[in-house]
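Bear in mind these aren't lab numbers, they're just calculated from the coordinates by the rules spelled out. Worth saying up front: this structure is predicted, and the values here are computed from it rather than measured. Backbone-built Cβ (ideal geometry, glycine too); neighbour counts: all protein chains shown.
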Amino acid sequence: MLTKDPSVDRTAGLPAEQTYYIIDFDSTFTKVEALDVLGEISLIGRPDRDDVLAQIQAITDRGMSGEISFTESLELRLKLLHAHRDHLPALVETLMGKISDSFQRNAPFLTEHAEHIYIVSNGFREFIVPIVTSLGVRAEHVFANTFVFSDTGEIIGFDPENPLSANGGKSQVIRQLNLDGEVYVIGDGYTDYEIRASGLANRFYAFTENVMRPRVVEKADHIAPSLDEFLYHNHLSRSQSYPKSRIKVLLLENVHPIAVQLFEEEGFNVEIHKGALDEDELIEAIRDVSILGIRSKTMVTRRVLEHANKLMTIGAFCIGTNQIDLDACTEKGIAVFNAPYSNTRSVVELAIGEIIMLIRGIVPKSNAMHQGVWDKSAKNSFEVRGKKLGLVGYGNIGTQLSVVAEALGMEVYFYDAVDKLALGNARKCKSLDELLAIADIISLHTDGRKENKNLISYREFALMKTGVIFLNLSRGHIVDIPALVDAIERGKVVGAGLDVFPQEPKTNNEEFVNALRGLPNVILSPHVGGSTEEAQANIGSFVPGKLLEYINNGSTYGSVNFPELQLPLLKGAHRLLHIHANVPGILAKMNTIFAKYHINIHGQYLKTNEQIGYVITDVAKEYADDVVQELKGIDNTIKFRLLY
């Protein structure tokens, strides 16, 4: 279920009845080459299994790309397989789980057009028929090779009289079928293109969902990354209103590979950049991007958003969203999601570790030992037990740090601008000034709003105890760096740990420049508070999950700027998503349009915030195209999407 391309009419109408669809099997209808899978089964227990499988794969690729003749490819593979009739049930069972995703979700198309669909394959009927008939293809419309078995059941060859066992066999089969009408071929191999080359097909679609063969792609009339793309291109009924292969995802700043995998598995067109992009670079890169994934360094400004002509949603693969102009996103109907909980534990553990290292003076002792200096002394080395920890900010990280610190025997005090319930024995301070005067150790865990810039400066350091330990693992601009340097040099702050900075390098190749470099008992880390394998894996799956829910289903639960709606799965209807400025009367206007066209509403949901309203309407599939145009034309409409 995806957004409909607004430039394309909703024509569920079908091409002429005399259109025939010729579909390949291996690596098209299924994700794999069946003979390769048969080898995995038949060669179990062989010490040279991996080597033989590699040989079979290489021969398959050479045959499919046209480097060697098909007949030669088939003969060579069968000799290596050492397969038996008894291996075929296991092969069929395995292939049932390897049907291409886009074929599975578009099974209704296969059933509806069964009269005009043919499977023409150089594979074998023994395993092809059970697979394709499970999705509605007629057995008599399957044209493929057949195995030759020995008396004891070994597969020893193939029927040489079958035209599909020889070069040019597919073209010969199509010629014999004598199909009267348009012929479209969908396949991934050179033998599929040969049907078109011989003049027996009107179009050849290079199917690349499972494998991309350059020599085949360059011959294609059209590239089909999925069956959805083929159906969309031909205005045929389909499970997705708009093919995901046409939706571009841009992921920056080396987001976790899990995120890349999740988008690619869904069939999106994914582009990756390891580093951050500056404003001009992002303006160039974001054109035609529908989904943007960033971390903390990429600034998504209003100017950037003015050039994001297709952008629907942004995912911040981190806790904060201050790097994104949320007001501009909301005005343009772009939903923003983040990961508010996924790296909490990682930041808490770093904070605890740094507190202990700093209060014990381990960093300067370690640095001295690297210079050969042995300084065994308890001077200025303390336990954390009994010390007063002051938390500035008592959100997800602050509260969890509070619990862990108490378990270590610390007294916890906190200040938050929002009234928060204290956990355990933590005590709330009435003001930031009160907290600063009490704490032996101060740790910042505030958000990145502009108002918090230089929240801690000369005045605030003056209020602190002499000898305080100071941590900032939240946002770089919250601390006035010259003021912190002054406090360290005067001995007001005897130990500091910073993971975030007002200016940070965009890539690992840039030098880190900061006045804190070289100061004693100062731990500097390169914004890695949440950068553990566990946290990044959690973020890598959490954020795409939210983005995919929004793209696929319209759900906005967890959005930082949109009204939050958790929607049911779409079943048996079309879903109309209408984003508009929050002004009175929009819902009434929409329902007037539905009534005008006698449209049956299956379900309707509305949620608003101060800026926008979000209306989701599930309607019967039968409706006039004019409905969509009238809904888009309602005053104060920001964005409209159609899902089915």
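Taking 19 Å as the limit for the C-alpha separation, the pairs LYS388/LYS430; LYS244/LYS607; LYS248/LYS546 exceed it in the case of LYS244/LYS607. With distances taken between every two different alpha-carbon atoms, the stretch 19-233 has a Kirkwood hydrodynamic radius of 17.3 Å. Amide hydrogen proximity for ILE324: with H placed 1.01 Å from N in the peptide plane, the residues at 5 or more positions away or on another chain lying under 5 Å are VAL300.
Within the same chain, aspartates and glutamates fewer than 8 places from LYS297 are excluded, and of the rest, those with a Cα less than 12 Å from its Cα are GLU253, ASP278, GLU279, GLU504.
Angle of helix 344-360 to the longest C-alpha principal axis of the chain, folded into 0 to 90 degrees and rounded to 10: 30°.
Sites listed here are GluC sites (Glu not before Pro) in the stretch 564-644 whose DSSP assignment is loop and whose Cβ has at most 12 other Cβ atoms within 10 Å: GLU610, GLU622. Taking amide hydrogens as placed 1.01 Å from N in the peptide plane, the amide H of ILE442 sits under 5 Å from those of GLY390, ILE469, PHE470, LEU471, each at least 5 positions away in sequence or on another chain. Think of each Lys and Arg Cβ as +1 and each Asp and Glu Cβ as -1; about the Cα centre, that makes the dipole of the chain roughly 2320 debye. Stokes-Einstein diffusion of the stretch 501-644 at 20 °C, 1.002 mPa s viscosity, Kirkwood radius from Cα pairs, rounded to a whole number: 115 µm²/s.
Ranked by the mean number of other Cβ atoms within 10 Å per residue, highest first, peptides 614-621, 179-186 order as 614-621, 179-186.
In loop segments of the stretch 78-132 as defined by DSSP, there are no GluC sites (Glu not before Pro) with at most 12 further C-beta atoms inside 10 Å of their C-beta. Look at where the Cα atoms of the stretch 73-150 and of the stretch 241-312 average out, and the two centres are 38 Å apart.
Note on the stretch 329-487: percent of Cα-Cα distances in each 10 Å bin, starting at 0 and stopping at the bin with the largest distance, equals 10, 36, 34, 15, 5, 1, 0. Sequentially through the stretch 621-636, phi angles give Karplus couplings (6.51, -1.76, 1.60; θ = phi - 60°) of 5, 8, 7, 6, 4, 4, 4, 4, 5, 5, 5, 5, x, 5, 4, 6 Hz, Gly and Pro residues having no value and appearing as x. Net charge dipole, the stretch 344-530: roughly 320 debye, given to the nearest 20, about the Cα centre with Cβ charges of +1 for Lys and Arg and -1 for Asp and Glu.
Near the amide H of TYR20, within less than 5 Å, lie the amide hydrogens of GLU182, VAL183, TYR184, all on another chain or at least 5 residues away, with H placed in the peptide plane. For HIS82 and ALA407, the FRET efficiency from 1/(1 + (r/R0)^6), where r spans their Cβ atoms and R0 equals 60 Å, is about 0.45. Across the stretch 436-450, rounded Karplus estimates of 3J(HN,Hα) from the backbone phi angles (6.51 cos²θ - 1.76 cosθ + 1.60, θ = phi - 60°) give 4, 7, 8, 6, 7, 9, 10, 10, 8, 9, 9, 7, x, 4, 4 Hz, Gly and Pro being marked x. Listed by Cβ neighbour count within 10 Å, with the fewest neighbours leading, MET64, MET212 appear as MET212, MET64.
Of the residues ALA220, TYR242, LEU179, the one whose Cα sits farthest towards the positive end of the charge dipole of the stretch 169-264 is LEU179 (charges of +1 on Lys and Arg Cβ, -1 on Asp and Glu Cβ, taken about the Cα centre).
Restricting attention to the chain, close to 30% of DSSP beta bridges with both partner residues there are antiparallel.
Only lysines eight or more places from LYS98 in sequence, or on another chain, were considered; those with a Cα closer than 18 Å are LYS31.
When you restrict to C-alpha pairs under 8 Å that are six or more residues apart and normalise by the size of the chain, the relative contact order lands at 11 percent. Among the chymotrypsin sites (Phe, Trp or Tyr not before Pro) found in the stretch 333-411, those both in a DSSP coil and sparsely packed, with 11 or fewer other Cβ atoms within 10 Å of their Cβ, are TRP374.
Residue-wise HN-Hα couplings along the stretch 305-316, as the Karplus relation 6.51 cos²θ - 1.76 cosθ + 1.60 with θ = phi - 60° gives them from phi, are 5, 5, 9, 8, 5, 10, 5, 10, 7, 10, x, 8 Hz; Gly and Pro carry x.
Each of ASN122, ALA197, THR30 was scored by the projection of its Cα onto the charge dipole of the stretch 19-233, and the greatest displacement toward the positive side belongs to ALA197; charges sit on the C-beta of Lys, Arg, Asp and Glu. Counting other Cβ atoms within 10 Å as a rough exposure proxy, the listed residues HIS87, HIS222 run HIS222, HIS87 from fewest neighbours to most.
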